[in-house]
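One structure is given here, and the rest of the page talks about it.
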Amino acid sequence: MPEPSVHEAIDRALGNLARLQAEDGAWPGDYGGPMFLLPMYLALCHAVGRLPDAARRADMVRYFENVQHEDGSLGLHAEDARGSMFTTALWYVGLRILGQRSDAPRLARMRRWIQENGTPLGAASWGKFTLCLLGLYDWRGIHALPPELWLLPRSAPLHPGRFWCHCRQVYLPMAWLYGQRSAVPPDPLILDLRDELYGGRWATIDWPSQRDTAAANDVYRPPTAALGAANVAVDALGRVTPGALRRRALDEVFEHILYEDRVTGWLDIGPVNKVLNAFVHHFREPGGEYAQRSFAACDAYLWAGHDGTKMQGYNSSQLWDTAFALQAILAAGGGEGRMLERAHGYLRDNQILEDVPEAERHYRHPSRGGWPFSNRQHGWPITDCTAEGLKCALALEGRFEPAIPTGLLRDSVKLILSWQNEDGGWATYERQRGGAWLEALNPSQVFGDIMVDYSYVECTSACVQALVRAQSRFGRDPEVASAIERGVGFLRGKQRAEGGFEGSWGVCFSYGSWFAVTGLRAAGVPGDDPAVARACAFLLERQHADGSWGEHGDSCREHAWIDAPGAAVQTAWSLMSLVRAGHPSAEAQARAARWLAERQDADGSWPREPLVGVFNRTCLINYDNYRHYFPLWALAEWSQRAAVR
């Protein structure tokens, strides 16, 4: 039988979730971590002449003070031990915009690091681009970003409509801004920054020769020969592009920018294109209606955290967190009824009810019946968010009014089916539209896997699970059954030789293996199937003597498990993998459950630990709510299984 301490931990965790739930039924939480976002926003603030108020400015400085390295640098993300020229240069500018003096000790250390590591001439491409907008890097020093790509036939292999939507939506405003060579007029601060960043050498820099200059720590994905050839071609074409064609391309690009703004309630898909779209509106019509609305919407991305004010990687993670919190509560026996009812209300009120207008014209997949990562206003449905939302909706069906209409639940199933790729897996927002060869043209330097929307273990597992639940609710359907079978085939094909499954949106093999095992088991794969058994053996080999699991964030960069001190969330994922597999490792599971119960704080939460979210291989991101519900979920499922042994 489970130890009483585990039951007490479950009760405390349920009480903690009840206290943290917002009035609208969601669980808001910190989704910060990337270090390039806030200084990009501050660059926009300087351009439009609207700085945050004094209290917020001070809290932004406090955040910086909590993440700066001793040598003065900053990493790509808040826990990155490697100094990045990309983020350090942008943060130096951001702090000066916030009113910090250049002779302040922290800035002096930053400036020394910047000078010793090659100056912003070696910043990754997004850093150079942002500096161009402020007149702190010359447009001649970056490769062309031709807006004319958006005029290509849709069938063209390089048409941006084939790119992953985040890539597409970031390079869309970049193309407009590059096409106009937009930059704020130099003012005294900008002139001072030119001297401070480049050691007084601004006037003598040979900008065209710096296009491929990159600091070592800013290069995760080195430029390929294909990218080099493409850059030579677009640079040459840019010199002979007729003015009329450029104007037509800029008009086309702007129409797509404005469309993205309008169909997302001015939130846009993420913070980078949100800021860049706002720059476009500012340069096109300073102080105009679009510029004001776009700038105001940036506020949705700011978060006042325990360590200071930062910019989040999305306008929120609320739907995602609510779906997982709901499943943890249900696994623990339901919790307080009002908590479930309010969460169901958030789920119901944030399902997407209609497709966006002119979807095909703007490269958008259908949306009706989907769920987003954050809220309905944002409006971009995602495969795994839709799957988790559907699972919760079916689990709560008939319990609360007003209900989610059955027709919308069926629409969710149709949408999930429409997203499945030819390889049997599911990507994030859309089906994969371009070949993996496009990754050879990745210009970001700091990120991996950004060019197309690949199939992922996590998304595939979530969709398989949701379709299995849908079959239980609506009856067996040959199309659904075939999709599940193909999804299982994709998951099997992703298992590594050592038995684990690599995750792409969490750190890393503990996350991917949890999803893979869960998806396989949901589809009816037995626990003694070799794929499931090997995944469990992989995890058991990496369990610590105290019962915990811990995996370093660099596992994502290196594509290999890198051990780390025990962490509650990764221990929860690993424990749930064993429990769901029906693995006979009772003693190992009991040790993990005891470790989780002992790790819990008195208020029912678990301590803050290293970041366990990630995107594009290199950038860790904070899912703060994970520590509130994943350990609860694991203890609840282990407790149920232990009770029947």
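To the nearest 10 degrees, how steep is helix 586-599 against the longest Cα principal axis of the chain, on a 0 to 90 scale?
Value to nearest ten degrees: 60.
Let me check I've understood the local charge: for Leu394, count other residues with C-beta under 14 angstrom from its C-beta, Lys and Arg +1, Asp and Glu -1. What total comes out?
Details: positive: Arg348, Lys391, Arg399, Arg410, Arg469, Arg473; negative: Glu388, Glu397, Asp411.
Result for the neighbourhood of Leu394: +3.
Taking neighbour Cβ counts within 10 Å as the exposure measure, how do Val219, Val446, Val184 sort from fewest upward?
Numbers: Val219 13, Val446 26, Val184 18.
Ranked by crowding around the Cβ, least crowded first: Val219, Val184, Val446.
Against the globular-protein guess of 2.2 N^0.38 Å, express the Cα radius of gyration of the chain as a ratio, rounded to two decimals. Can you show the working numbers first?
Values: Rg = 24.7 Å, N = 645, 2.2 N^0.38 = 25.7 Å.
In units of the globular-protein estimate, the chain measures up at 0.96.
Would you work out if segment 521-645 is rounded, prolate or oblate? Take a ≥ b ≥ c from the square roots of the eigenvalues of the alpha-carbon gyration tensor; rounded if a/c is under 1.5, else prolate when a/b is larger than b/c, oblate otherwise.
Working: a/c = 1.74, a/b = 1.17, b/c = 1.49.
Oblate.
Could you tell me, in Å, what Rg and Dmax come out for the Cα atoms of segment 367-418?
Final numbers for Rg and Dmax: 10.5, 29 Å.
Taking one equal scatterer on every alpha-carbon of segment 95-151, how large is log10 of I(q)/I(0) by Debye at q = 0.27, 0.31 1/Å?
-1.16, -1.19
Taking a temperature of 25 °C and a viscosity of 0.890 mPa s, what whole-number D in µm²/s does Stokes-Einstein yield for segment 227-371 with Rh from Kirkwood over alpha carbon pairs? Show your work: numbers first, answer last.
Working: Rh = 18.8 Å.
Result for D is 130 µm²/s.
Express the C-alpha Rg of segment 188-238 as a ratio against the empirical globular expectation 2.2 N^0.38 Å, rounded to two decimals.
Working: Rg = 14.8 Å, N = 51, 2.2 N^0.38 = 9.8 Å.
Ratio of Cα Rg to 2.2 N^0.38 Å: 1.51.
Could the peptides 540-549, 628-637, 39-48, 70-79 be put in order, highest first, of the mean number of other beta-carbon atoms found within 10 Å of their residues? All intermediate terms of the calculation are to be shown ahead of the outcome.
Numbers: 540-549: 17.8, 628-637: 26.4, 39-48: 22.5, 70-79: 20.1.
Ranking the peptides 540-549, 628-637, 39-48, 70-79 by packing returns 628-637, 39-48, 70-79, 540-549.
Count neighbours as other Cβ atoms within 10 Å of each site's Cβ, and list the trypsin sites (Lys or Arg not before Pro) in segment 199-275 that are DSSP loop with at most 14 such neighbours. Display every interim value, and only then the final one.
Values: sites: Arg201, Arg211, Arg239, Arg246, Arg247, Arg248, Arg262, Lys274; in loops: Arg201, Arg211.
Passing both the DSSP loop test and the Cβ count: Arg201.
With Cβ to Cβ distances under 15 Å as the rule, what net charge do the other residues near Ala214 carry (K, R +1; D, E -1)? Kindly include the intermediate steps, with their values, before the conclusion.
Working: positive: Arg82, Lys128, Arg211, Arg221; negative: Asp212, Asp218.
Once all neighbours under 15 Å are counted, the net charge is +2.
Using Cα-Cα distances under 8 Å and only pairs 6 or more residues apart, what relative contact order does the chain have, in percent? Don't skip to the answer; put the middle values down first.
On the way: 1185 pairs, mean separation 112.1, N = 645.
For the chain, the relative contact order is 17 percent.
Could you list Cys463, Cys132 in order of exposure, starting from the residue whose Cβ has the fewest other Cβ atoms within 10 Å? Don't skip to the end; give the middle numbers.
Working: Cys463 27, Cys132 21.
The most exposed by this proxy come first: Cys132, Cys463.
I'd like to know which of Leu177, Pro147, Ile114 lies farthest towards the positive end of the charge dipole of segment 105-178, counting +1 on Cβ of Lys and Arg and -1 on Cβ of Asp and Glu.
Projecting each Cα onto the dipole axis, the largest value belongs to Ile114.
What is the ratio of the Cα radius of gyration of segment 1-134 to 2.2 N^0.38 Å, where N is its residue count, to two decimals?
Numbers: Rg = 19.8 Å, N = 134, 2.2 N^0.38 = 14.1 Å.
Its radius of gyration relative to the 2.2 N^0.38 Å reference: 1.40.
May I ask for the Kirkwood hydrodynamic radius of segment 566-610, worked out over all distinct Cα pairs and given in angstroms to one decimal? Numbers along the way, then the final one.
Working: mean 1/r = 0.0903 Å⁻¹.
By the Kirkwood definition, the hydrodynamic radius is 11.1 Å.
Roughly how many debye, to the nearest 20, is the charge dipole of segment 159-198 about its Cα centre, given +1 on each Lys and Arg Cβ, -1 on each Asp and Glu Cβ, and no other charges? Could the numbers behind the result be given before it?
Details: 4 positive and 4 negative charges, 98 e Å.
The dipole of segment 159-198 has a size of about 480 debye.
Classify segment 262-308 from the C-alpha gyration tensor, please: rounded if a/c falls under 1.5, else prolate or oblate depending on whether a/b exceeds b/c.
Values: a/c = 2.35, a/b = 1.84, b/c = 1.28.
Prolate shape, in that a/c is at least 1.5 and a/b is the bigger ratio.
Give me the angle, in degrees from 0 to 90, between the Cα long axis of helix 337-349 and the longest principal axis of the Cα atoms of the chain, rounded to the nearest 10.
The helix 337-349 is inclined about 40 degrees to the chain.
Could you give the dipole magnitude of the chain about its Cα centre, charging the beta-carbon of Lys and Arg +1 and that of Asp and Glu -1, in debye to the nearest 20? Before the final figure, lay out each step's value.
Working: 65 positive and 75 negative charges, 171 e Å.
That gives the chain a dipole magnitude of about 820 debye.
Which three semi-axes in whole Å describe the equivalent ellipsoid of segment 431-495, each the square root of 5 times a Cα gyration tensor eigenvalue, listed largest first? If you can, show how the numbers build up before the last one.
Values: eigenvalues 192, 23, 21 Å².
Ellipsoid semi-axes (Å, largest first): 31, 11, 10.
Going by alpha carbons, how many degrees (0 to 90, nearest 10) lie between the helix axis of 54-67 and the longest principal axis of the chain?
70 degrees
Counting Lys and Arg as +1 and Asp and Glu as -1, what is the net charge of the other residues whose Cβ lies under 9 Å from the Cβ of Arg431? Don't jump to the answer; show the numbers that get you there.
Numbers: positive: Arg433; negative: Glu422, Glu430, Asp453.
So the surrounding residues net to -2.
So for the chain, if I pair up every lysine 8 or more residues apart or on another chain, how many of those pairs have alpha-carbons under 29 Å apart? Walk me through the numbers on the way to the answer.
Working: Lys128/Lys274; Lys128/Lys310; Lys274/Lys310; Lys391/Lys414; Lys391/Lys494; Lys414/Lys494.
Value for the chain: 6.
Send over the Kirkwood Rh of segment 397-480, from the inverse of the averaged 1/r over different Cα pairs, rounded to one decimal Å.
Working: mean 1/r = 0.0674 Å⁻¹.
Computed over segment 397-480, the radius equals 14.8 Å.
Can you give me the C-alpha center-to-center distance between segment 142-220 and segment 367-393, rounded to a whole angstrom?
33 Å
At most 13 other Cβ atoms within 10 Å and a DSSP loop assignment: could you name the trypsin sites (Lys or Arg not before Pro) in segment 1-79 that fit? Write down the numbers at each step before the final one.
Working: sites: Arg12, Arg19, Arg50, Arg56, Arg57, Arg62; in loops: Arg50.
Sites meeting the loop and neighbour criteria: Arg50.
Taking every eigenvalue of the Cα gyration tensor of segment 188-309, multiplying by 5 and rooting it, what semi-axes result, largest first, whole Å? Kindly include the intermediate steps, with their values, before the conclusion.
Working: eigenvalues 172, 121, 66 Å².
Here the semi-axes work out to 29, 25, 18 Å.
Since every read-out is calculated from the coordinates, none of them should be taken as a lab result. It should be emphasised that the depicted structure is a prediction, and the values quoted were computed from it without experimental measurement. A quick note on method: Cβ atoms are made from the backbone with ideal geometry, for glycine too, and the neighbour counts reach across all protein chains shown.
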